[in-house]
Amino acid sequence: MAPRKCLVWRRRIVPLLVVLAGLVERVMLASCPAQCVCEAEYTTVSCTNGGLQQVPKGTPYGALSLSLSGNNISGVIDDQFEEFRQLQTLDLSFNTISEIEDGAFVGLESLHTLQLYYNRLTSIPSEALRRLPHLKELWLRGNPINCLDADAFTYLPNLQLLDLGELRHLEAISDDVFTGLSKLVHLNFAVANLQTVPYLDELESLEELDLSGNSIKVINTESFSGLSKLKRLIIISSQVTEIKRFSFSYLKSLTELDLSFRHRQCRHDHTRSPDDEQDDQYMVNGMIPQTSFYGLVLSEEQKPETPPPVYSIDVDDDNICDMYHSVKTFKSDKPTKTVKTVTFKVETEV
């Protein structure tokens with residue numbers, strides 16, 4: 001008879017445990033820590049600027065968005081987010097994170113956006129990122145990262161936006177760092193201590209590229225050779241002095257080009273004719289040949305009213321410097337694109 005009593009007891013206790021487990025789960029899904037603000041039925045959780053050193057206890061596991069920005073989190077340990085299986089956006093910005101353990105993001109298979117900007121990371125936590133197969137946005141701006149290894153983003157095949165701005169300590173970039181990022185659309189590399197344009201040929205879907213504020217002095221013919229879908233290119237810089245011939249000829253989809261720069265003086269030659277057959281006609285500081293822009297076609301609204309083949313671009317309100325170049329600069333026998341915006345703003349230092 002004893003075995004039968006045990007069997008009956010088990011039959012009663014198992015459903016009870018299931019009910020209790022369900023109650024615990026509901027409490028975790030429908031509670032909010034005192035340091036946080038929970039909205040949208042506990043799916044949006046904000047625990048910002050609270051001096052936290054880790055995820056507060058009682059944070060709803062059913063959250064879709066979790067912000068821990070502006071706290072004192074110095075590291076992310078293994079399995080810290082294991083229960084947050086529905087989480088889509090995680091904001092860890094403005095902390096003091098210097099280490100992310102390999103298993104830190106276990107359980108975050110649904111994560112789409114990871115914000116790690118303005119922390120203290122010195123390298124890309126590639127092993128931790130491999131747990132995020134569906135990640136679409138990665139923000140790393142403002143970290144003291146010194147090297148981008150070949151495997152930095154290997155495990156992020158669905159990445160569409162990558163912010164590497166303000167990596168002021170960056171010293172080395174592998175030519176293979178972007179291998180596999182065939183879906184990347186937006187890349188920010190502004191103020192990242194770049195000396196040259198990095199190898200970008202793998203980024204076949206890239207539409208927007210920002211290289212502003214770097215120490216890039218020369219733009220070579222092959223710098224953008226693999227970026228046939230690029231629509232917006234921004235190179236606002238105080239360092240660019242030379243753009244090689246046909247540098248933009250591969251950009252078949254370009255609609256906006258910003259080459260604003262700062263110089264102590266602006267040189268132009270009003271007497272030179274654009275019909276000259278010489279190849280040494282230059283614009284910016286005497287170093288940019290007209291053939292740099294071969295293949296670009298100005299849209300009708302951007303063409304100036306001054307008679308072709310020469311027109312001027314008013315670069316500031318005081319008319320400090322006019323830059324003259326030929327309309328041929330932007331034309332080819334077989335136009336492949338229409339550039340709607342071309343910016344050559346010059347801020348002359350006194």
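The values are calculated or read from the model by the stated rules, or taken from the named source; none is laboratory data. The structure presented is a predicted model; accordingly, all values stated were derived computationally and were not measured. Cβ placement follows ideal geometry from the backbone for every residue including glycine, while neighbour counts extend to all protein chains displayed.
Here Q35 fulfils each of the conditions (1) of a type in the set (S, T, N, Q); (2) surrounded by 16 or more Cβ atoms within 10 Å (Cβ to Cβ); (3) modelled with pLDDT of 95 or more apart from (3). Can you work out which of the residues in region 98-154 that are touching a helix residue (DSSP H, G or I) at 6+ places or on another chain (Cβ under 6 Å) and more than 23 Å from A192 (Cα to Cα) is surrounded by the fewest Cβ atoms within 10 Å (Cβ to Cβ)? Looking at residues that are touching a helix residue (DSSP H, G or I) at 6+ places or on another chain (Cβ under 6 Å) and more than 23 Å from A192 (Cα to Cα), I get D102. Taking the stated definitions as given, is V8 surrounded by 16 or more Cβ atoms within 10 Å (Cβ to Cβ) and either of a type in the set (V, I, T) or at pLDDT below 95 (or both)? No: the conditions fail for V8.
The conditions of being under 22 Å from N143 (Cβ atoms) and surrounded by fewer than 16 Cβ atoms within 10 Å (Cβ to Cβ) are not met by Q80. For region 171-182, a residue qualifies if it is surrounded by fewer than 19 Cβ atoms within 10 Å (Cβ to Cβ) and not hydroxyl-bearing (S, T, Y), and the qualifying residues are E171, A172, D175, D176, G180.
Within the option set E222, E202, being more than 18 Å from the chain's Cα centre (by Cα) and free of Cβ contacts under 8 Å to residues at least 40 places away in the same chain holds for one residue only, E222. Restricting region 83-97 to residues that are among the hydroxyl-bearing types (S, T, Y) and surrounded by 16 or more Cβ atoms within 10 Å (Cβ to Cβ), the residue that is nearest to C47 (Cα to Cα) is S93. Could you tell me which residue of region 183-216 is surrounded by the most Cβ atoms within 10 Å (Cβ to Cβ), considering only residues that are hydroxyl-bearing (S, T, Y) and out of contact with any Leu (no Cβ under 8 Å at 6 or more places or on another chain)? Of everything passing the filter in region 183-216, S212 is surrounded by the most Cβ atoms within 10 Å (Cβ to Cβ).
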